[in-house]
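Worksheet: one structure, shown below.
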């Protein structure tokens with residue numbers, strides 16, 4: 001099944017690569033007992049990890065501990081390679097609020113053994129995203145509140161101004177490694193407050209007053 005950023009037929013943009021960043025907020029790096037780095041740490045999620053509003057995150061049979069991570073998402077609107085920071089914003093289509101769901105037990109074991117994180121991050125349903133808000137409707141994407149609630153209780157609260165890297169730097173850096181294409185999604189990392197999700201949890205995520213996402217949690221059958 002082909003997935004699109006916009007549901008309206010006249011605006012359809014096919015979802016491309018899902019590029020994720022790690023350790024982009026100092027307090028989250030500290031809670032994970034990790035160090036921040038000069039350049040962003042990147043990993044990828046498959047397209048099959050995408051779900052939308054009112055869909056369900058599935059706890060996979062291979063994991064006994066999945067965590068929520070709320071993030072600002074950047075949607076690419078114009079192809080580019082080796083993009084300069086000065087020109088980076090011309091490649092942005094819009095923004096969304098997303099979740100980087102992580103099988104924390106699998107990730108912890110991978111880190112301990114020096115293995116990649118792909119399994120921990122790549123399960124189906126592990127990248128819920130909201131509807132997209134176009135770039136020209138957002139005054140300052142690096143001054144937006146991030147808020148995540150589980151069953152009505154606040155679990156994560158921060159602001160995108162605390163990100164270590166600017167959006168311009170993120171786009172420029174990623175484009176030195178891989179060509180960015182229209183429909184690619186960059187999930188920019190999570191602030192502090194990550195925690196475990198359980199069956200039947202209801203999750204609400206907000207990006208300022210512009211993006212809203214609501215999903216629930218079920219066990220994989």
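A few comments on the model shown:
- The order of 65, 20, going from fewest to most other C-beta atoms within 10 Å of their C-beta, is 65, 20.
- Relative contact order for region 65-221: 35 percent, from Cα pairs under 8 Å spaced at least 6 residues apart, divided by residue count.
- Evaluated at q = 0.23 Å⁻¹: base-10 log I(q)/I(0), Debye formula over Cα of region 8-106: -1.50
- For the pair residue 62 and residue 14, a Förster radius of 22 Å applied to the C-beta separation gives a FRET efficiency near 0.15, rounded to the nearest 0.05.
- Across all Cα atoms of region 135-192, the radius of gyration (one decimal) and Dmax (whole number) stand at 13.9, 41 Å.
- Estimated [θ] at 222 nm from DSSP helical runs (n ≥ 4, -39500 (n - 2.57)) normalised by residues in the chain, nearest 500: -3500 deg cm²/dmol
- Listed peptides 164-172, 110-118, 191-199, 78-86 appear in the order 164-172, 191-199, 78-86, 110-118 once ranked by packing, highest mean of other Cβ atoms within 10 Å at the front.
- Between region 145-202 and region 49-67, the alpha-carbon center distance in angstrom: 17
- Whole-number D in µm² s⁻¹ for region 69-221, Kirkwood Cα-pair radius fed into Stokes-Einstein, 20 °C, 1.002 mPa s: 131
- Gyration tensor verdict on region 107-166 (Cα atoms; rounded if a/c is under 1.5, prolate if a/b is larger than b/c, oblate otherwise): prolate
- Kirkwood Rh (inverse of mean 1/r, distinct Cα pairs), region 74-134, angstrom: 14.0
- Evaluating kT/(6 pi eta Rh) at 10 °C and 1.306 mPa s, with the Kirkwood radius of region 31-89 over Cα pairs in the Stokes-Einstein relation, gives 100 µm² s⁻¹.
We did not get these values from a lab; they are worked out from the coordinates using the rules stated. Here the structure is a predicted model, which is why all the values come from computation and not from measurement. Because the Cβ atoms are built from the backbone with ideal geometry, glycine has one as well, and the counts that use them run over all protein chains shown.
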